[in-house]
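Following: one structure in structure tokens, then a few remarks.
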Amino acid sequence: MTITVYHAKNTRSMRVLWVLEELGVKAEIRSLAFPPSKRQPDYLTVNPTGTVPAMVDGPTVLTESMAICDYLAARHGPSLLVGADDPARTDFVQWLWYGESTLMTPLSRIATVSRLGRKGADIDAVLDDARGNAGVRLTALERRLEGRDFLVAGRLTLADISAGYPLHLVGLFGLDHLLGPRSAAYRDRLRARPAYQRAISVE
Ligand SMILES: N[C@@H](CCC(=O)N[C@@H](CS)C(=O)NCC(=O)O)C(=O)O
């Protein structure tokens, strides 16, 4: 059965494409105009939230990027996961959430405000606050990476793929000055992966 992934460039669907590439799993990628809820309203029949990514695999429909990554990793090779009996499991869950919740919150705000293209003091205040917030939150990453190449378990896991997307946005938004040296080197390591490069280049 064909796996279908709904994608838009520079969105969280890059995590799913990245996992597919790391695992060597083929899928049909349907690229959408962004934001789909406004530009491709027919997509709401697939994902009523209107967000990307979404994945359809037979009867299974998932609309959360990390749930899709977990689904794919569990079915096509456990190497990106950390099992329940592994001592690194607790940290794995913590860093999975850090990427999608703690880091994404201020970066989503920047993405939305920038996309609306409005100007003015209030907009600047929101952007300044979000940038400051992202900078503080990134210090946790910098601390975590002391003596580590990856966030947990000494290897690439979904925790890195979760954090890799907001780190991509940091670059897109011209906020690299917010990264400490360990975080910048970590992002370079992620970016150097052929699977990452293939995923990020999908239009
Ligand atoms: N927690 C969801 C968030 C999905 C999400 O908000 N995606 C953004 C792109 S990164 C989106 O589609 N926004 C368009 C909209 O909200 O209409 C996930 O991880 O998949």
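Observations on the model:
- By accessible area, using a 1.4 Å probe on protein heavy atoms only, the stretch 1-148 has 52% of its surface on carbon and sulfur.
- Dipole in debye (nearest 20) - the chain, about Cα centre, beta carbon charges: Lys, Arg +1; Asp, Glu -1: 400
- Whole-Hz couplings from phi, Karplus 6.51/-1.76/1.60, listed for the stretch 12-17; x for Gly and Pro: 4, 5, 4, 4, 5, 4
- The Cα atoms of the stretch 3-80 give a gyration tensor whose axes a ≥ b ≥ c have a/c of 1.5 or more with a/b greater than b/c, which makes the shape prolate.
- Ordering of 17-28, 156-167 by packing [mean C-beta count within 10 Å, highest first]: 156-167, 17-28
- When the chain is treated as a Gaussian network with alpha carbon springs shorter than 10 Å, the biggest mean-square fluctuation among Gly154, Gly117, Gly171 belongs to Gly117.
- Long-range amide H partners of Ile3 with built H, under 5 Å: Glu28
- Candidates Leu151, Ala192, Ala121 compared by Cα position along the dipole of the stretch 89-193: farthest toward the positive end lies Ala192, with charges placed on Cβ.
- Accessible area expressed per residue, the stretch 1-158, with surrounding protein chains retained (probe 1.4 Å, Å²): 51
- Between Thr4 and Val126, the distance separating the two model label sites (each 7 Å from Cα on the Cα→Cβ line) works out to 3.4 nm.
- Taking 24 Å as the straight-line reach from the Cα of Lys38, the lysines in range (excluding those fewer than 8 positions away in the same chain) are Lys9, Lys119.
- Residues of type aspartates and glutamates that Lys26 reaches as a straight line, Cα spacing below 18 Å, ignoring anything fewer than 8 places off in the same chain: Asp57, Asp70, Glu203
- For the stretch 15-108, the Cβ-based charge dipole about the Cα centre amounts to some 380 debye (Lys, Arg positive; Asp, Glu negative; other atoms uncharged).
- Listed residues Asp70, Asp176, Asp86, most fluctuating in the chain (Gaussian network, C-alpha, under 10 Å): Asp86
- Rounded to the nearest 5, the antiparallel percentage of DSSP beta bridges internal to the chain is 65%.
- Beta bridges from DSSP with both residues in the stretch 1-117: antiparallel share about 65 percent, rounded to the nearest 5.
- Of all the options Leu72, Leu44, Leu190, the one that moves most in a Gaussian network model of the chain with Cα springs shorter than 10 angstrom is Leu44.
- The stretch 128-183 and the stretch 1-68: distance between their alpha carbon centers, rounded to Å: 24
The values are calculated or read from the model by the stated rules, or taken from the named source; none is laboratory data. Here the structure is a predicted model, which means the values were calculated and not measured. Neighbour counts are summed over all protein chains in view; Cβ atoms, including those assigned to glycine, are modelled from backbone coordinates with ideal geometry. The protein model used for the area step is the full one, side chains on, heavy atoms only, and it has no ligands, DNA or RNA in it. Shrake-Rupley method; radii C 1.70, N 1.55, O 1.52, S 1.80 Å.
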